[in-house]
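See below for the structure under consideration.
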Amino acid sequence: MENCLFCKILNRELKAEFIYENDEIACIKDIHPQAPTHLLIIPKKHIATILDLTHNDEKLIGKMVLKAGEIASEFNIGNKGFRLIFNCNKDAGQTVYHIHLHLVGGRKLKWPPG
Ligand code: 5GP
Ligand code: ZN
């Protein structure tokens, strides 16, 4: 999608630090980390928000969540704990309208979130 930050990162038009990539998803480091580990799992398919998902995307979302868990284990934060977050629309603080799963951990996280 033209003018989409994450499409540009996935196309290598813009730089990012890649942790993982296959034909359907990628994982990059967040540029403004909110915790010692802050990664973004991003589908290569441009989907603006969680509300734009269709049932055809069920497997894709499942793969994103499974990969997030695997990466959390690789980063040795699996047992201590981590959080997976999809922000959707303004009130949740979504700023990039190409869905992405935040993987946040490496410190004690507060609940409820701010
Ligand atoms: P959102 O607020 O939409 O849930 O999350 C967007 C995330 O993308 C934010 O955590 C922000 O720090 C991150 N981000 C914004 N621009 C860039 C960028 O150019 N590169 C990387 N790696 N992350 C970015
Ligand atoms: Zn996009």
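The values are calculated or read from the model by the stated rules, or taken from the named source; none is laboratory data. Keep in mind that this is a model prediction, so the values were computed, not measured. Cβ sites come from the backbone with ideal geometry, for glycine too, and all protein chains shown count toward neighbours. All accessible areas refer to the heavy atoms of the entire protein, side chains included, with ligands and DNA or RNA removed. Shrake-Rupley method; radii C 1.70, N 1.55, O 1.52, S 1.80 Å.
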Can you find a residue that is in contact with a Gly (Cβ under 7 Å, 6 or more places away or on another chain) and of a type in the set (Val, Ile, Thr) anywhere in region 83-96?
no
Answer with yes or no whether HIS46 is within 13 Å of ligand 2 (Cβ to nearest atom) and over 27 Å from GLY114 (Cβ atoms).
yes
Region 37-76, residues that are farther than 19 Å from HIS98 by Cβ and either open to solvent by 10 Å² or more (accessible area, probe 1.4 Å) or of a type in the set (S, T, N, Q) (or both):
THR37, HIS55, LEU66, GLY69, GLU70, SER73, GLU74, PHE75, ASN76
Do we find that PHE86 is within 16 Å of ligand 1 (Cβ to nearest atom) and either among the acidic types (Asp, Glu) or touching a helix residue (DSSP H, G or I) at 6+ places or on another chain (Cβ under 6 Å) (or both) in this structure?
yes
I need the full set of residues from region 84-114 which are surrounded by 15 or more Cβ atoms within 10 Å (Cβ to Cβ) and over 24 Å from CYS7 (Cβ atoms), in order please.
GLY105, GLY106
